[in-house]
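Every number in this text was worked out from the coordinates using simple rules, so none of it is lab data. Just so it is clear, the structure is predicted and the values come from calculations on it, not from any experiment. Ideal geometry is used to build each Cβ from the backbone, glycine not excepted, and the neighbour counts take in all protein chains shown.
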Amino acid sequence: ISPMIEGRSDWCISRQRSWGVPIPVFYHKETGESLLSEESIEYVKNIVAEKGTDAWWEMETEDLLPPSHKAEAANWERG
C-alpha cells in the first residue's frame, strides 16, 4: 500500500465499507475523547479472531470494551 499513497497529499482510511475491517476505536459521548489503547485493541482483536469482523457491528458496545471500561460502557460509542 505504501507505493499507492506515498506521493499523495491526502489519504483516509475508509471504515464505511461493509467488507472492511473496523478500526477498534471508541469515543466518549460527552468529551469526544478516543479510546484506542493497547488493551482495547487486544480485547477487540481476540473477539474478532473468535467471532469474525461482523462482531464489531453485531455486538453491544459494552461487550466490545475491555474489562477496565465495562462499568462506564454507557459513556462510550463505537467509532
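The table that follows gives values for the structure above.
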quantity	calculated
Extension gain (nm, one decimal) between Glu6 and Ser68, 0.36 nm per residue minus Cα-Cα	18.5 nm
In sequence order, calculated HN-Hα J values of segment 66-79 (Karplus, 6.51, -1.76, 1.60; Hz; x Gly/Pro)	x, x, 5, 10, 4, 5, 10, 4, 5, 8, 10, 9, 5, x
Cleavage-rule hits, trypsin sites (Lys or Arg not before Pro), segment 29-62, DSSP coil, Cβ neighbours within 10 Å at most 14	Lys29
Added length on full extension, which subtracts the Cα-Cα distance from 0.36 nm per residue, Met59 to Ile23	11.5 nm
Residue list for segment 55-77, given a label point 7 angstrom along the Cα-to-Cβ vector of Glu30 and an amide N cut-off under 17 Å	69-77
Spatially proximal aspartates and glutamates relative to Lys70 (Cα-Cα < 19 Å; intrachain offsets below 8 disregarded)	Glu30, Glu33, Glu38, Glu39, Glu42, Glu58, Glu60, Glu62
